[in-house]
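Laboratory data are not the source of any read-out in this text; all were calculated from the coordinates shown. Here the structure is a predicted model, which is why all the values come from computation and not from measurement. Note that we place each Cβ from the backbone using ideal geometry, even for glycine, and neighbour counts take in every protein chain shown.
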Amino acid sequence: MNNQTTYSISELATEFDLTTRSIRFYEDQGLLSPQRRGQTRIYSRQDRVRLKLIMRGKRLGFSLAEIRELFSLWDETASGSEKQLRLLLDKIAEKRAELDQQLKDIAMVQLELDSAEARCREALNDLTGQKQQISADS
């Protein structure tokens, strides 16, 4: 792990493969709070960790509002809280339920596509068979 105490926006952008604009957006959303030295943003280790958590949360399907809610609960105490952990467990259960429903929806669409494909192939076979019959009769 990097032991730097501060980071520039370009260092974080490179490390996390993000644009500086994305990082500024997370700041505008209240998820990051870098210090300023004139116009220059100075990001702390905590900002770096938060950025890492934002990226992980997004990969897991959490909205920025949900990530902000978890951060705010974490900020209430020095080491997080039972409330935060319970909320996170609830959010994980919600995401699992959403994914399960999406899997069911995908399976249903695949069945419908299989059925449509079979009907199309049958109709195409009927048409090509009719054309061959007409050619043979001529």
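Details
- For the chain, the dipole from Cβ point charges (+1 on Lys and Arg, -1 on Asp and Glu) about the Cα centre works out to 900 debye, to the nearest 20.
- Among 52, 91, 104: highest mean-square fluctuation, GNM of the chain, C-alpha pairs under 10 Å: 104
- Summed residue charge, Cβ within 13 Å of residue 52's Cβ, Lys/Arg positive, Asp/Glu negative: +3
- Remark: segment 1-75 projects, on average over all directions, an area of 5.1 nm² (convex hull of Cα atoms).
- Kirkwood analysis of the Cα pair distances in the chain returns a hydrodynamic radius of 19.4 Å.
- Highest-MSF residue in the chain out of 97, 118, 107 [GNM, Cα springs under 10 Å]: 118
- Only one residue of 128, 89, 4 has its Cα farthest out toward the positive end of the dipole of segment 1-137, where Lys and Arg carry +1 and Asp and Glu -1 on Cβ, and that residue is 4.
- Calculation over all alpha carbon pairs of segment 84-138 in 10 angstrom steps from 0 returns a P(r) of 21, 21, 16, 15, 12, 8, 5, 2 percent.
- Across the chain, C-alpha contacts under 8 Å between residues 6 or more apart give a mean separation that, scaled by the residue count, equals a relative contact order of 15 percent.
- Spatially proximal lysines relative to residue 91 (Cα-Cα < 22 Å; intrachain offsets below 8 disregarded): 52, 58, 83, 104
- Other residues whose C-beta falls under 13 angstrom from the C-beta of residue 127 contribute a net charge of +1, scoring Lys and Arg +1 and Asp and Glu -1.
- Between the residues 18, 62, 43, the greatest Cα displacement towards the positive end of the dipole of segment 10-118, with unit charges on the Cβ of Lys, Arg, Asp and Glu, is found for 43.
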